[in-house]
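Participant: Would you mind keeping the following structure in view while I ask a few things?
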Amino acid sequence: MPTYTCWSEAGLISAEPRARIAAALTEIHHDVADAPRYLVQVLFADLPAGSQFLAGQPVPDGYVWIRADIRAGRTEELKRELLLRIMGEVSEILNLAPEQVRIYICEIPGPNIAEYGRVMPHPGHEEAWFAGLPKELQERLAKLA
């Protein structure tokens, strides 16, 4: 957690931009939400041509939808900063206009999420949660932080 899922028409985002977007989303979330990098997950889903509609009409080429599932408890200001930075960096990486990047933040209470074999804490309690993980897992995750 958080999980960023990026949907676009198949072929719009190749491997190199995917890697850049994944790195950007990881850094943005780490910088803005102060979450460890090892918690940030990025998924890409290709949609077949003719699968995207807006106002009942096929969407023009070059639109990207990003759903950000994050733990609840963040301020409106923090979420606004996430939205604006993501929109700016993703549109720059893909050479799209900012209005072609749609982002939705969906909040989930930390205790409603399980990762790494444990129920997640509320934001701000990651250190205690991390300390409760098995040492081997802590060492592996510390390399990703």
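Participant: Does residue 126 fit the bill of being of a type outside the set (Lys, Arg), at pLDDT below 95, closer than 22 Å to residue 82 by Cβ and surrounded by 12 or more Cβ atoms within 10 Å (Cβ to Cβ)?
Facilitator: Yes.
Participant: Next question. Quick one: which of 58, 36 is within 14 Å of the chain's Cα centre (by Cα), modelled with pLDDT under 95 and not small (Gly, Ala, Ser)?
Facilitator: Answer to the check: 36.
Participant: Here is a further query. Among what's in the range 84-113 and is over 13 Å from the mean Cα position of the chain (by Cα) and part of a strand (DSSP E or B), pick the residue that is farthest from residue 29 (Cα to Cα).
Facilitator: Going through the qualifying residues, I end up with 101.
Participant: Can you tell me how many residues within the range 82-124 are more than 26 Å from residue 12 (Cβ to Cβ) and not aromatic (Phe, Trp, Tyr)?
Facilitator: 17
Participant: What are the pairs with Cβ atoms under 7 angstrom where one residue, in the range 4-19, is in a loop (DSSP other than H, G, I, E, B) and the other, located anywhere, is open to solvent by 60 Å² or more (accessible area, probe 1.4 Å) and of a type in the set (Asp, Glu)? Sequence gap at least six, or different chains.
Facilitator: 10/46
Participant: Moving on. Is the range 61-83 home to any residue that is under 18 Å from the mean Cα position of the chain (by Cα), within 14 Å of residue 1 (Cα to Cα), in contact (Cβ under 8 Å) with a residue 12 or more places away in the chain and open to solvent by 80 Å² or more (accessible area, probe 1.4 Å)?
Facilitator: Looking for residues that are under 18 Å from the mean Cα position of the chain (by Cα), within 14 Å of residue 1 (Cα to Cα), in contact (Cβ under 8 Å) with a residue 12 or more places away in the chain and open to solvent by 80 Å² or more (accessible area, probe 1.4 Å), one finds at least one in the range 61-83, hence yes.
Participant: Scan the range 91-123 for residues that are open to solvent by less than 70 Å² (accessible area, probe 1.4 Å), within 20 Å of residue 34 (Cα to Cα) and either out of contact with any strand residue (DSSP E or B) (no Cβ under 8 Å at 6 or more places or on another chain) or in contact (Cβ under 8 Å) with a residue 60 or more places away in the chain (or both) and jot them down.
Facilitator: Scanning the range 91-123 gives 108, 110, 113, 115, 120, 121, 123.
The values are calculated or read from the model by the stated rules, or taken from the named source; none is laboratory data. Keep in mind that this is a model prediction, so the values were computed, not measured. Counting neighbours? That spans all protein chains shown, and the Cβs are built from the backbone with ideal geometry, glycine included. Accessible surface is based on the protein model in full, side chains and every heavy atom, while ligands, DNA and RNA are left aside. Shrake-Rupley method; radii C 1.70, N 1.55, O 1.52, S 1.80 Å.
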